[in-house]
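Here, each number is a calculation from the coordinates, and none is a lab measurement. This is a predicted model, so every value here is computed, not measured. Note that each Cβ is placed from the backbone with ideal geometry, even for glycine, and that neighbours are counted across all protein chains shown.
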Ligand code: SF4
């Protein structure tokens with residue numbers, strides 16, 4: 001069996017679902033019960049039907065492979081391997097099954113490898129990218145939410161050096177870091193050649209952090225703007241005020257385009273409603289922005305804090 005995000009199952013014809021935006025990447029959850037204890041994640045709290053806001057119904061692997069061989073709008077597949085013993089051989093088997101079925105869209109694996117050898121093994125088995133989630137932006141926040149920062153950072157840097165352009169990470173904004181710490185973490189990842197996907201912290205019922213608020217939208221917009229600018233020049237000098245708030249110059253603002261506020265991550269990864277409630281704040285836009293939406297985002301850059 002394999003767990004498939006509800007939106008992906010809909011695109012693959014496995015599940016009816018009303019949604020105004022469809023995923024352009026197919027998202028799958030693999031492996032056994034997660035053995036990590038991350039304070040923000042429903043997978044570690046026993047409310048494991050969800051990852052972030054998303055439900056993940058189960059399907060048989062042959063059924064999913066069959067659906068993937070039919071024409072679909074999916075431009076990428078993303079396998080999120082839970083932190084469980086056996087994740088590594090399972091993901092290798094899965095990648096081999098994709099090749100046997102001649103499924104050729106690019107594949108990412110988001111996982112917690114224990115060594116550079118495991119990263120290489122996943123890439124050699126057919127993944128075009130491996131994402132190793134830092135999640136927390138600082139060592140202190142990582143410790144507070146139950147993650148190990150130093151080992152993950154060290155492996156990320158080694159992997160990015162060994163496999164340039166093929167290593168990414170996830171950062172969750174709003175778990176306790178300052179705005180400056182979030183931006184500086186983004187800058188460090190890009191300086192090391194690590195692709196960086198941003199997520200807004202999302203409180204989920206049943207988790208340790210269920211009562212914590214998501215980040216203020218102004219703060220999130222500024223981190224998105226910083227990512228956009230730093231992708232162009234990771235050595236750009238950014239300015240902060242005395243509250244550790246990013247201060248963008250008029251010329252930096254003029255450089256921003258609507259793309260700055262679209263879901264950042266691997267190519268074609270749009271993660272619709274991963275962090276957002278339909279009708280609520282769209283932290284990451286899973287589609288092109290309208291002119292009015294871009295105007296609103298630019299206005300939100302000025303929001304406090
Ligand atoms: S950025 Fe998207 S496609 Fe890439 S590993 Fe993360 S969730 Fe998967």
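General remarks:
- Degrees separating the helix 179-191 axis from the principal Cα axis of the chain, which is the longest one: 60
- Cα long-axis angle, helix 149-162 against the chain (0 to 90 degrees, to the nearest 10): 80
- Each 5 Å bin, from zero up to the one with the longest distance, holds this percent of the alpha carbon pairs of the range 159-305: 2, 9, 19, 23, 22, 15, 8, 3, 0.
- Scaling the Cα radius of gyration of the range 1-134 by the globular reference 2.2 N^0.38 Å produces a ratio of 1.01.
- A Gaussian network model of the chain, with springs between Cα atoms under 10 Å, assigns the largest mean-square fluctuation among 112, 288, 22 to 288.
- Each 5 Å bin from zero holds the following percent of Cα-Cα pairs in the range 220-305: 3, 13, 25, 25, 18, 11, 4, 0.
- Which of 104, 178, 263, 8 has the fewest Cβ neighbours within 10 Å, and the rest in rising order: 104, 178, 263, 8
- Helix 291-300 and the long axis of the chain differ in direction by around 60°, with both axes built from C-alpha atoms.
- Taking other C-beta atoms within 10 angstrom as a stand-in for reagent exposure, 277, 222 fall in the order 277, 222, fewest first.
- For q = 0.06 Å⁻¹, Debye-computed log10 I/I(0) when each Cα of the chain counts as one equal scatterer: -0.18
- Each residue in 138, 55 was given a count of other beta-carbon atoms within 10 angstrom of its own, and listing them fewest first yields 55, 138.
- Helix-only mean residue ellipticity at 222 nm for the chain, each DSSP H run of n ≥ 4 adding -39500 (n - 2.57), per residue, nearest 500: -10000 deg cm²/dmol
- Ranked by how many other beta carbons lie within 10 Å on average, peptides 205-215, 225-235 from highest: 225-235, 205-215
- Its relative contact order, with pairs defined as Cα atoms under 8 Å and 6+ residues apart, puts the range 152-239 at 30 percent.
- With contacts taken as Cα pairs under 8 Å at a separation of at least 6 residues, the range 2-300 carries a relative contact order of 17 percent.
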